[in-house]
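Asker: Dumping the structure here so I can ask a few things about it.
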Amino acid sequence: MLWIAIRMLTGDKQKFYGLVFGIAFSTLLITQQLTIFINLIERGASAVYSEPTADVWVMDPVSRTPDVNFPMPATALDKVRGVPGVEWAVPHLRAGASVRTSDGDLEGVSIVGVDDATLIGLPKRLIEGDISVLSQPDSVIIDDVGAGKLFENGADPIGARLELNDQRAVIRGIADAIPTFTSQVTLYTKYSQALNYVPGTRNRMTFVIANAADGITHEELASRIEEQTGLRARTREEFAQDGIDFIIENTGIPLNFGITVALGFIVGVAIVGLTFSLFIRDNIKQFGALKAIGVTNAKIRKMVTVQAGLVGLIGYGLGILATVAFIWGFSGNPDFKGFYIPWQIPLISCAAVFVILGLTGWLSLRTVLKTEPAAVFR
Amino acid sequence: MSQQVAITTRGVTRDFQSGSQTITVLHGIDTEIRAGELTYVVGESGSGKTTLISIMCGILWPTKGEVTVFGTDIYDLDDTALVDFRLENIGFIFQQYNLIPSIDAASNAAVPLIAQGMDRHEAREKARGMLEKLNIGDQADKLPNQLSGGQQQRVAIARALVHEPRLVVCDEPTAALDANSGRRVMDLLREVAVAEDRACIIVTHDNRVFDLADRILVLEDGLITHDGKEMPDDH
């Protein structure tokens, strides 16, 4: 009977394609929007992810994220270094500045000052140049997305001179970095050089990044640093989450994406519900005949379940494929750099499809089950 | 021919609710349908003939009364047993055929066997044999919409007979046919659906085929007003 159920469904091509389209469209909308949402909010943690070595980030107690920070006195570095269990600790500066572009416009940039001696704080990989270029005067390394943004005309950024808060800067390398939430241009330079670029206040060191000695967990070290220095210390994972939470709490992004995801679900319910009920209505005489002949309600339930399952399987598969194609198709676009589909999202879409088909299938099934076999004689 | 009793109804009454009003469609029907006979149930629209055969074949519960089909009190069975009883013992031919449009004639005819759990290929082969018996074996692989009305009806007849039921119930089988085609269908039904241990009931108001019946029950306002070999003169 299940074979008959599948043939009944696939035989009505218009409705079959309509049902598959409804599920595929819902899956695409839910999966794609959730993927973009997750990848966007994860950019709140891009500064943490781009710095591959630090176990613990230490900051002023009022600092919240890599971008929402308050500078500390330079003595904070020594305090952190004095905490037992700290293998090493280096200064790290993150601050905003303005750069004048070649066409005369002002562009906001993020200056990242990394430790002069060790260069800890730089992204792991450079696309062009070598980290040694930072030893040359006025050197900065620009992030790859920022380079594309600042040199839209296709000019080679290497060797380009920038006017950075009235200071001279020369781009000598391009870093492979995760873009920030706002895709702002990021310039990496030595800590001492960064101090020149950032307008002066008495305290300018925004973070101390530290590593735990062997045998000490990151949590334990963070806790020790907080106790002994009075500063705020967050493990790498905690600080990444802080950046994400900040975006969730302070922007309308979750609501906007939530609305789109909800619309995807509602459109799915509407298209699939309407098409499924039309399909059932068109076949109600056949279902009635089957019931009269001697097909039990349990078998009818299985038939409708198989029909819904087939539509779900194909529609969901197409929706996921379309999402993958979308992400792959836009992977060359700097705005989508590093985007991936977290494994949980297809599961969420699958659950949504399950609910859509369960709900619409149940409503349609009620019609079939309520149909009296005697109706076929009327 | 044997006169084995196929169906017995005792005091069968059926009420329908229409708003707050109760309409009694059948008023205590007592009758017997015998195997080996082609029995017509005849009457005007609204006389209760469809209700009567629906009750006789176990798809509509009577408000009161008993129905015995080949010795089984069918409304004494639970729901599942009644459905199984229909699947094993009753074949249906619907006025509008109700074939499944997306499966071919052989698969349509095989539906009762597949519902009984027979392997699909085996069921199709058996159905093919029945279609050949009905002279449309060459149409077995065609979809219903590729068949003429008469051919579709033969597929519906094949579906009703493929599992060798003891009772065959037909609803207005000649309603959409011209006189000659209608008579051919009735001859065919007599040939394939009537046997010593098998009964065939036909609901019709097609007076062109009344002469082909072995027995005619006339229903008027929910009561059997005539039971005989021929139609009464006043009809």
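Asker: Evaluate the stretch B:128-146: report whether one residue or more is in a helix (DSSP H, G or I) and closer than 21 Å to B:Ala35 by Cβ. Let's see the steps before the verdict.
Answerer: Pass one, the stretch B:128-146, residues in a helix (DSSP H, G or I): B:128-133, B:137-139, B:144-146.
Still in the running and closer than 21 Å to B:Ala35 by Cβ: B:130, B:133.
Within the stretch B:128-146 (the criterion being in a helix (DSSP H, G or I) and closer than 21 Å to B:Ala35 by Cβ), the answer is yes, since at least one residue qualifies.
Asker: Every residue in the stretch A:174-197 that is more than 19 Å from A:Asp105 (Cβ to Cβ) and touching a Pro at 6+ places or on another chain (Cβ under 9 Å), please.
Answerer: Keep residues of the stretch A:174-197 that are more than 19 Å from A:Asp105 (Cβ to Cβ), which gives A:174-181, A:188-196.
Hits for the stretch A:174-197 are A:Ile174, A:Ala175, A:Asp176, A:Ala177, A:Ile178, A:Pro179, A:Thr180, A:Tyr188, A:Tyr191, A:Gln193.
Asker: Can I ask one more? Sort through A:Ala292, A:Ala308 and tell me the only one that's farther than 30 Å from A:Gly338 by Cα, within 14 Å of chain B (Cβ to nearest Cβ), in a helix (DSSP H, G or I) and modelled with pLDDT of 85 or more. Spell out how you get there, then give the answer.
Answerer: Details: A:Ala308 fails: within 14 Å of chain B (Cβ to nearest Cβ).
Exactly one of A:Ala292, A:Ala308 is farther than 30 Å from A:Gly338 by Cα, within 14 Å of chain B (Cβ to nearest Cβ), in a helix (DSSP H, G or I) and modelled with pLDDT of 85 or more, namely A:Ala292.
Asker: Do we find a residue being buried (at least 18 other Cβ atoms within 10 Å of the Cβ) and either touching a strand residue (DSSP E or B) at 6+ places or on another chain (Cβ under 9 Å) or within 14 Å of chain B (Cβ to nearest Cβ) (or both) anywhere in the stretch A:262-275?
Answerer: There is no residue in the stretch A:262-275 that is buried (at least 18 other Cβ atoms within 10 Å of the Cβ) and either touching a strand residue (DSSP E or B) at 6+ places or on another chain (Cβ under 9 Å) or within 14 Å of chain B (Cβ to nearest Cβ) (or both).
Asker: Considering the stretch B:184-235 alone, what residues qualify as being touching a Ser or Thr at 6+ places or on another chain (Cβ under 8 Å) and among the basic types (Lys, Arg)?
Answerer: B:Arg208, B:Arg215, listed by residue number.
Asker: Okay, next question. Which of the residues spanning the stretch B:173-232 are among the β-branched types (Val, Ile, Thr) and at pLDDT 85 or above?
Answerer: Pass one, the stretch B:173-232, residues among the β-branched types (Val, Ile, Thr): B:174, B:185, B:192, B:194, B:201-204, B:209, B:216, B:218, B:224-225.
Matches in the stretch B:173-232: B:Ile201, B:Ile202, B:Val203, B:Thr204, B:Ile216, B:Val218, B:Ile224, B:Thr225.
Asker: Here's another thing I want to ask about it. Checking B:Ala109 against (1) at pLDDT 90 or above; (2) surrounded by fewer than 24 Cβ atoms within 10 Å (Cβ to Cβ), only one condition comes out false. Which one?
Answerer: Going through the list (1) at pLDDT 90 or above; (2) surrounded by fewer than 24 Cβ atoms within 10 Å (Cβ to Cβ), B:Ala109 breaks only (2).
Asker: Can you tell me which residue within the stretch A:361-375, out of those that are in contact with a Gly (Cβ under 7 Å, 6 or more places away or on another chain) and in a helix (DSSP H, G or I), is nearest to A:Ile280 (Cα to Cα)? Give the derivation first.
Answerer: Of the stretch A:361-375, the ones in contact with a Gly (Cβ under 7 Å, 6 or more places away or on another chain) are A:363, A:371, A:373, A:375.
Going one step further and asking which of them are in a helix (DSSP H, G or I), we end up with A:363, A:373, A:375.
On the way: A:Leu363: 10, A:Pro373: 15, A:Ala375: 15 Å.
Checking each candidate, the answer is A:Leu363.
Asker: Can I ask one more? Before we move on, is A:Ile300 in a helix (DSSP H, G or I), more than 17 Å from A:Gly22 (Cα to Cα) and within 14 Å of chain B (Cβ to nearest Cβ)? Before the answer, list the steps.
Answerer: Details: in a helix (DSSP H, G or I): yes; more than 17 Å from A:Gly22 (Cα to Cα): yes; within 14 Å of chain B (Cβ to nearest Cβ): yes.
Yes, satisfied.
Asker: Among the residues of the stretch B:94-106, are any in a strand (DSSP E or B), of a type in the set (A, V, I, L, M) and buried (at least 17 other Cβ atoms within 10 Å of the Cβ)?
Answerer: The answer is no; no qualifying residue exists.
Asker: I would also like to ask the following. Show the residue pairs that are 6+ apart or on different chains and have beta-carbon atoms under 9 Å apart, the first residue being within the stretch A:12-23 and free of Cβ contacts under 8 Å to residues at least 12 places away in the same chain, the second being in a helix (DSSP H, G or I).
Answerer: A:Gln14/A:Thr275
Asker: Given (1) out of contact with any Lys or Arg (no Cβ under 7 Å at 6 or more places or on another chain); (2) crowded, with 18+ Cβ neighbours inside 10 Å; (3) outside any loop (DSSP other than H, G, I, E, B), where does B:Gly182 come up short, assuming only one miss?
Answerer: Going through the list (1) out of contact with any Lys or Arg (no Cβ under 7 Å at 6 or more places or on another chain); (2) crowded, with 18+ Cβ neighbours inside 10 Å; (3) outside any loop (DSSP other than H, G, I, E, B), B:Gly182 breaks only (1).
Asker: For a quick check of your reading: which strands (runs of 3 or more DSSP E) sit entirely within the stretch A:111-199 and have at least 1 residues that are surrounded by fewer than 19 Cβ atoms within 10 Å (Cβ to Cβ)? Can you show your working first?
Answerer: Details: elements: A:126-128, A:139-143, A:161-164, A:167-175, A:185-190.
The strands (runs of 3 or more DSSP E) meeting that bar are A:126-128, A:161-164, A:167-175.
Asker: Return the total of residues in the stretch A:318-335 being of a type in the set (A, V, I, L, M, F, W, C), under 15 Å from the mean Cα position of the chain (by Cα) and in a helix (DSSP H, G or I). Give the steps one after another, and end with the answer.
Answerer: Initial filter on the stretch A:318-335 (of a type in the set (A, V, I, L, M, F, W, C)): A:318, A:320-322, A:324-328, A:330.
The next check asks that each one be under 15 Å from the mean Cα position of the chain (by Cα); those that pass are A:324, A:326-328, A:330.
Pick out the ones that are also in a helix (DSSP H, G or I) and you get A:324, A:326-328.
Within the stretch A:318-335, residues that are of a type in the set (A, V, I, L, M, F, W, C), under 15 Å from the mean Cα position of the chain (by Cα) and in a helix (DSSP H, G or I) number 4.
Asker: If a residue must be assigned to a loop (DSSP other than H, G, I, E, B) and touching a residue at least 40 places away in the same chain (Cβ under 8 Å), how many such residues does the stretch B:185-231 contain?
Answerer: In the first step, residues of the stretch B:185-231 are kept if they are assigned to a loop (DSSP other than H, G, I, E, B); the result is B:194, B:196-197, B:205-206, B:213-214, B:221-222, B:229-231.
Among the residues that remain, those that are also touching a residue at least 40 places away in the same chain (Cβ under 8 Å) are: B:194, B:196-197, B:205, B:213-214, B:221-222, B:231.
Counting residues in the stretch B:185-231 that are assigned to a loop (DSSP other than H, G, I, E, B) and touching a residue at least 40 places away in the same chain (Cβ under 8 Å) gives 9.
Asker: Given the options A:Leu34, A:Leu77, name the one that is in the same structural domain as A:Leu195 (by TED's automatic domain parsing) and part of a helix (DSSP H, G or I).
Answerer: Values: A:Leu34 fails: in the same structural domain as A:Leu195 (by TED's automatic domain parsing).
The conditions single out A:Leu77.
Asker: Right, another one. Might you check whether a residue that is β-branched (Val, Ile, Thr), over 19 Å from the mean Cα position of the chain (by Cα) and over 28 Å from A:Asn165 (Cβ atoms) occurs anywhere in the stretch A:258-266? Spell out how you get there, then give the answer.
Answerer: Initially, the stretch A:258-266 is screened for residues β-branched (Val, Ile, Thr), giving A:259-261, A:266.
From what's left, over 19 Å from the mean Cα position of the chain (by Cα): A:266.
The next check asks that each one be over 28 Å from A:Asn165 (Cβ atoms); those that pass are A:266.
Yes - at least one qualifying residue is present in the stretch A:258-266.
Asker: Would you check which residues across the stretch B:89-115 are more than 8 Å from chain A (Cβ to nearest Cβ), touching a helix residue (DSSP H, G or I) at 6+ places or on another chain (Cβ under 6 Å) and polar (S, T, N, Q) and list them?
Answerer: B:Asn108
Asker: Go through the stretch B:107-127 residue by residue and tally those that are part of a loop (DSSP other than H, G, I, E, B) and under 20 Å from B:Ile90 (Cβ atoms). Give the derivation first.
Answerer: At the first step, the residues of the stretch B:107-127 found to be part of a loop (DSSP other than H, G, I, E, B) are B:110, B:117-119.
Subsequent filtering for residues that are under 20 Å from B:Ile90 (Cβ atoms) retains B:110, B:117-118.
Here the count works out to 3.
The values are calculated or read from the model by the stated rules, or taken from the named source; none is laboratory data. This one's a predicted model, so the numbers in the text were calculated from it and none came from an experiment. Quick reminder, even Gly has a Cβ in these numbers, built from the backbone with ideal geometry, and neighbours come from all protein chains shown.
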